[in-house]
Amino acid sequence: GEDVEQSLFLSVREGDSSVINCTYTDSSSTYLYWYKQEPGAGLQLLTYIFSNMDMKQDQRLTVLLNKKDKHLSLRIADTQTGDSAIYFCAEIRWQGGKLIFGQGTELSVKP
Amino acid sequence: EAGVVQSPRYKIIEKKQPVAFWCNPISGHNTLYWYRQNLGQGPELLIRYENEEAVDDSQLPKDRFSAERLKGVDSTLKIQPAELGDSAVYLCASSQSGTAQETQYFGPGTRLLVL
C-alpha cells in the first residue's frame, strides 16, 4: 500500500522539545522528507533524509529513521511559537517520482 | 532566486463553471508537478511533467481535468466543468532532475472554492 501515517495533533510548551512521528509502509522508499505548512501557505521543505541514513541533524531539527520499523521522526529542539504549523512527512520511491504524504501533524506551541 | 509562482491565489466559482490555474516553476527546473490538497489531508499528485511531456497522469480525472506545459516551462491546469468536490488547494511544485534527491519545491497554492 501507499500509506504514510502521522498522529494528527501535538501540543507543547514553548522551549520544550517536540517530536513528530511518522510511519510508512514501502521499504523501497529512497528519500523521506519533512515539510512545514503554515496557515494559508504552501509547503516549505524543512529537511530530508536518505534511506540509508539513521540520523540527520540540521540546527534545531533532528531526523531519526528506523528502516526496520519503517518509522521516521522529527525532533524540534527549543520549540518556539513560530514553529506552530502543520508538519507533513513524505516518502518518494524513486528519483523524480511522486511524493506520498501523510495527513499532517498539527503542532501547537503554547507560551 | 524566485520560488514557484502560482496564480491566482484564490478562486471562487459556481459549479459547472470552468477554471484555470497557472504555475511558473523555479528557473532551470525541468520537472513540474500538480498536487491537490483536500482539507485536512496531505497533497496528492495529479500530474507530473518532465519538460513538456506528461510522464505520470494516472491520478488526473481526465473527464474534466486537463493540463499542459507548453515549451516545458509554465504550466496550466484546467477544470471544466467544476464540481463541488473540486474545492481544494491546488499546489504546483518543481524539481531539477539529475540532482541526488530531486527535492520538490512547492508554490503557495491556489485555493479553489466551488459553490
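Modelled spin labels at B:Ser7 and B:Glu52, positioned 7 Å past Cα toward Cβ, are 2.3 nm from each other. Where both bridge residues fall in chain B, DSSP classifies roughly 90% of the beta bridges as antiparallel. Taking every residue in A:100-106 and counting other chain Cβ atoms within 10 Å of its Cβ, the average works out to 3.
Could you calculate the FRET efficiency of A:Gln80 with A:Phe9 from 1/(1 + (r/R0)^6), where r is the beta carbon distance between them and R0 is 22 Å, rounded to 0.05?
That gives a FRET efficiency of 0.75.
Considering only alpha-carbon pairs that sit under 8 angstrom and 6 or more positions apart, the relative contact order computed for chain A is 38 percent.
Taking the square roots of 5 times each eigenvalue of the Cα gyration tensor of the range B:37-77, largest first, gives ellipsoid semi-axes of 20, 12, 10 Å.
Pairs over the 24 Å Cα-Cα cut-off, from the set A:Lys36/A:Lys110; A:Lys98/B:Lys78; A:Lys98/B:Lys16; A:Lys98/B:Lys71; A:Lys70/A:Lys98: A:Lys98/B:Lys16. Protection proxy ranking, highest mean first, for peptides A:33-40, A:97-104, B:77-84: A:97-104, A:33-40, B:77-84, where packing is the per-residue count of other beta-carbon atoms within 10 Å, averaged.
Could you work out the mean count of beta carbons from other protein chains within 10 Å of each residue's beta carbon in A:41-54?
Taking the mean over all residues of the peptide, I get 3.
Remark: the range B:76-85, residue by residue, has Karplus-estimated 3J(HN,Hα) of 10, 10, 10, 10, 7, x, 6, 10, 4, x Hz, where x stands for each Gly or Pro and the curve is 6.51 cos²θ - 1.76 cosθ + 1.60 at θ = phi - 60°. Each label was represented as a point 7 Å from its Cα along the Cα-to-Cβ direction; for A:Ser108 and B:Thr103 these points are 3.1 nm apart. For the residues of A:86-93, the average number of beta carbons from a partner chain within 10 Å of their own beta carbon is 2.
Is any residue of the range A:25-53 close enough, with backbone N under 20 Å, to a label point placed 7 angstrom from the Cα of A:Arg93 along the Cα-Cβ axis, and if so, which? A:25-34, A:49-52, by backbone N distance to the label point. Nothing charged except the Cβ atoms of Lys and Arg (+1) and of Asp and Glu (-1): what's the magnitude of the dipole of chain A about its Cα centre? Round to the nearest 20 debye. Around 180 debye, computed over chain A.
Note on B:Glu14 and B:Arg111: their simple-model spin labels are 2.3 nm apart, each label 7 Å out from Cα toward Cβ.
Placing unit charges on the Cβ atoms only, positive for Lys and Arg and negative for Asp and Glu, gives the range B:1-82 a dipole magnitude near 440 debye about its Cα centre.
No value in this document is a laboratory result; all are computed from the given coordinates. Since we're looking at a predicted model, the values are computed, not measured. Ideal geometry is used to build each Cβ from the backbone, glycine not excepted, and the neighbour counts take in all protein chains shown.
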